[in-house]
Every structure is written in structure tokens, then in C-alpha cells.
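The structure under discussion appears below in the form of C-alpha cells.
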């Protein structure tokens, strides 16, 4: 299955992930981490955001989530990302992209242990 994000919050949320990906983002100034986002999750819905074995990538993953009412789940790992959907190797952490409409967010780390599949639910 992979990584599934679920919205257990009472309003719509927008979420982004970051993960270790030296194949896509290694070398240069990419910092070995790839970022993808924005999945829009209505209350009670889920999305498969990464469809491979998680433990094969890394045990530590990162997310940022913001709710329609202004609540957010964030952490200390800052990044500039577009306000529109993004992903793939063109969005590597620390590359310093300079396009219009970037927003600064902070990713929060979570530990999946040795699980190949993991579900993270955003709750109040």
C-alpha cells in the first residue's frame, strides 16, 4: 500500500509530504529530500500519497498540513513550496527555487518504524 494520509479533522485540509530520496534529489543543493503536495482531503477522507514500501525509503518521513479553519500541523524543517500542486524530482529540499507564489512551510517529522505501510490521521 504505502503512505496514506487521512483527515480526521472537521474541515478540509491541504497536506504535503517530504521524504529521503537521494536518487531524485541527491547531489547538488537538493539535500537528498523530495517534496510533494498538495493533497486536498475533505473531512473523513484519505489519500494514498506514496505507493511503495516505506521502509525501503527511510523510517523518518515529514508532513505539513493546514486546515480550512487555519489550524495546522507543522514542524521545524522549513521549505519554500508552491501554493499549487507540486511533486517529483523538481521539488527537492533546499534547491532555492524562485518562482512566484511560493509559501514557507515547516515540515514535521514522524517515525514509521520498520513498517512498509503506514496511515497517518490528522485529528484535533
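Only the coordinates and a few stated rules stand behind these numbers; no lab work does. Treat the numbers as computed from the prediction; the structure is a model and nothing was measured. With ideal geometry, Cβ positions are generated from the backbone for all residues, glycine too; neighbour counts draw on all protein chains shown.
Things worth noting here:
- Overall form of the range 1-62 per C-alpha gyration tensor (a/c, 1.5; a/b vs b/c): prolate
- Of 4, 49, the sequence from fewest to most neighbouring Cβ atoms within 10 angstrom is 4, 49.
- Ranked list, fewest to most other Cβ atoms within 10 Å of each Cβ, for 39, 91: 39, 91
- By the beta-carbon count within 10 Å of each Cβ, the least crowded to most crowded order of 77, 33, fewest first, is 77, 33.
- The spacing between the range 56-83 and the range 1-55, judged by their C-alpha centroids, is 9 Å.
- Projected-area mean, the chain, by convex hull of Cα positions, square nanometres: 7.2
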